[in-house]
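Colleague: Before I ask anything, let me first share the structure, which is written out below as structure tokens.
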Amino acid sequence: MLRQAGDVTDLQNRPDTAGGLMISRTTSSVSGAVQVSPFLAPSRGGLYRRRRTSRPGEVNLKSTGLLDPRAAALHRRTLQALDPVDVLTYPVLGGVYTTLAARMGVAPESLVLTAGSDPGLGLLVRAFPTATRIVTHHPTYQGWDKFAHLGNCRIDGVPPDPGTGRFVLADLGTRLEQGPPAFVVVTQPHSLTGQFHEADELAALADTVTGRGSLLVVDTAYLAFTDGGEELVRDIMGRPGVVRVNSFSKCYGLSGARIGVIATDPETACHLFDIDAEGSVSATALALLDASLRRHDVFEEIWADVRRLRGDLARRVEECRPGWRARPSGANFVTFDVPGAAEAAAATAFLYDQGYVVRDLSGLPSLPAAVRIAVADHQVVDRVVELLGGWRHEPAG
């Protein structure tokens, strides 16, 4: 006899394997009725399992980390001075909260430190389980698909303007009004194109979002590389219904330390602590962040150099690669529109073979053929330009 999916008789005879353990799909209640185990989550085939690899001497310009020797030297000194007692005992966060709050211009009570921005974004969707929609520009950071799955939400993606290829914040407000309250997500600047939005646009969107009983989430991972970036978000900081999520992976070169912060109003911050009491941030990450905050002058210099090198990279690649056009960027990378997807793929493969990993964005909305290249130091920029200038694309056929 054929059984339909979910048939109780079928379930009784199908154990599952999880982590090498056999888990029965069914349990028996006192009444004898068969119940499906609540501990069997539908698998997505390990979609979100990290599979990073690297080669000796490889330069990763795909992950857009801060690859600067000055940052590396500062972190080396911090790690060498780390007191083992700080590792043997639980971390004390108060001092870092005070320093960080002063740097961001907010009250310490409005901050929540997390082990990177991803746990912070995941915390948000878990903290507001009745929200079922995430309104965001598409394409965007692919992690939002994961957070939507975690929070049982659906992604309500808003494409860029078809005429300009640029994202419009007002379009997010329009989409929000077409459905129930939602998380409304803005990446400032955008993680794929580098586009950033002006302060008045953000303020207008914040008014729309909070007026609809929704939550505006502003991801500022790359904001340090935008000239005057902090001023673009200052007017919305601390407003009820507005949350800023900031990774320190990009701005302070702490990708491996895994530390970020949520900045919001004190009441929302208190609710987030109730959901996930602090304790996920390590003493090592705290020491690295604290030292970075105290030597902010070093990073201000690095960020200024990145902005200068970003312009150099854009100009020089356009000169040596006919048909490549750099998009305006407020991040630590440049996204180039190229003549075709085959050329983008071939250029990406060529640079990979030379030890430089970049990202092929071809096929995403408004990015039919594009390559994103992060800015490191001037030696790396010089070498990438030299390689691209000497490369000749041979179209297939």
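Colleague: Taking θ as phi - 60°, what are the ³J(HN,Hα) couplings along region 333-346 by the Karplus curve (6.51, -1.76, 1.60), each to the nearest whole Hz, with x for Gly and Pro?
Modeller: 8, 10, 9, 9, 7, 10, x, x, 5, 5, 5, 4, 5, 5
Colleague: May I ask for the angle, rounded to the nearest 10°, between helix 94-104 and the longest principal axis of the chain, with both axes built from Cα atoms and the value confined to 0 to 90°?
Modeller: 50
Colleague: In nm², what is the average projected area of the convex hull enclosing the Cα atoms of region 69-294?
Modeller: Numbers: hull surface 49.4 nm².
If I average the Cα hull's projected area over directions, I get 12.3 nm².
Colleague: Here's a follow-up. Can you give the Rg/Rh ratio of region 221-267, where Rg is from the C-alpha atoms and Rh is the Kirkwood radius?
Modeller: Checking Rg against Rh, the ratio lands at 1.01.
Colleague: A follow-up question, please. So, by mean Cβ neighbours within 10 angstrom, what's the order for 106-119, 225-238 with the highest one leading?
Modeller: Descending packing order for the listed peptides: 106-119, 225-238.
Colleague: Under the Kirkwood approximation for Rh and a Cα-based Rg, what ratio Rg/Rh is obtained for region 103-219?
Modeller: Using Cα coordinates only, the ratio equals 0.95.
Colleague: Where both partners of a DSSP beta bridge lie in the chain, what percent of those bridges are antiparallel, to the nearest 5? Write out the running numbers ahead of the final one.
Modeller: Details: 24 of 43 bridges.
Counting only bridges with both partners in the chain, antiparallel ones make up about 55 percent.
Colleague: Sequence gap at least 6, Cα distance under 8 Å: using those rules, report the relative contact order of the chain to the nearest whole percent.
Modeller: So the answer I get is 19 percent.
Colleague: In terms of modelled amide H atoms, which long-range or inter-chain residues lie less than 5 Å from the amide H of Phe333?
Modeller: Val375
Colleague: Follow-up question, since we're still on this one. Which three extents, in angstrom, do the Cα atoms of region 223-382 have along their principal axes, listed largest first?
Modeller: Principal extents (largest minus smallest coordinate, Cα): 53, 33, 29 Å.
Colleague: For Arg154, list long-range residues whose amide hydrogen, built 1.01 Å from N in the peptide plane, is under 5 Å from its own amide hydrogen.
Modeller: Arg133, Ile134
Colleague: Using θ = phi - 60° and the Karplus form 6.51 cos²θ - 1.76 cosθ + 1.60, what ³J(HN,Hα) does each residue of region 62-74 get, whole Hz, x for Gly and Pro?
Modeller: Result, ordered by residue: 8, 7, 6, x, 8, 9, 10, x, 5, 5, 4, 5, 5 Hz.
Colleague: Need the full-extension length gain, Asp382 to Ala341, defined as separation in residues times 0.36 nm minus the C-alpha distance. One decimal, nm.
Modeller: Full extension of this stretch gives 12.3 nm more.
Colleague: Whole-Hz ³J(HN,Hα) for each residue in region 218-232, computed from phi via Karplus 6.51 cos²θ - 1.76 cosθ + 1.60 with θ = phi - 60°, x for glycine and proline: what do you get?
Modeller: Result, ordered by residue: 10, 8, 10, 4, 9, 5, 4, 8, 8, 4, x, x, 4, 5, 6 Hz.
Colleague: I would also like to ask the following. On a 0 to 90 degree scale, rounded to 10, what angle separates helix 296-320 from the longest Cα axis of the chain?
Modeller: Taking the Cα atoms of the chain, the angle to 296-320 is about 70 degrees.
Colleague: Could you tell me what percent of the DSSP beta bridges with both partners in region 69-294 are antiparallel, to the nearest 5?
Modeller: Around 30 percent of the beta bridges assigned by DSSP in region 69-294 are antiparallel ones.
Colleague: In Å, what is the Rg of the alpha-carbon atoms in region 169-248, and how long is Dmax?
Modeller: Looking at region 169-248, its Cα Rg and Dmax stand at 11.9, 36 Å.
Colleague: On a 0 to 90° scale, report how tilted helix 266-275 is relative to the longest principal axis of the chain, with both axes built from alpha carbons and the result rounded to the nearest 10.
Modeller: Its long axis makes an angle of about 50 degrees.
Colleague: In nanometres, what is the gap between the two model label sites at Val34 and Arg70, each 7 Å from Cα along Cα-to-Cβ?
Modeller: 6.8
Colleague: Pulled fully out, how much extra length does the chain show between His296 and His138, if you take 0.36 nm times their separation in residues and subtract their Cα-Cα distance?
Modeller: 53.5 nm is the gain from fully extending His296 to His138.
Colleague: What is the ratio of the Cα radius of gyration of the chain to 2.2 N^0.38 Å, where N is its residue count, to two decimals?
Modeller: 1.10
Colleague: How large is the translational diffusion coefficient of region 298-390 in µm² per second when you combine the Kirkwood radius over alpha carbon pairs with Stokes-Einstein at 4 °C and 1.567 mPa s?
Modeller: Answer from the Stokes-Einstein relation: 98 µm²/s.
Just so you know, all these numbers are worked out from the coordinates, no wet-lab data involved. Only a predicted model underlies this, so the values are computations on that prediction, with no experimental measurement involved. Cβ sites come from the backbone with ideal geometry, for glycine too, and all protein chains shown count toward neighbours.
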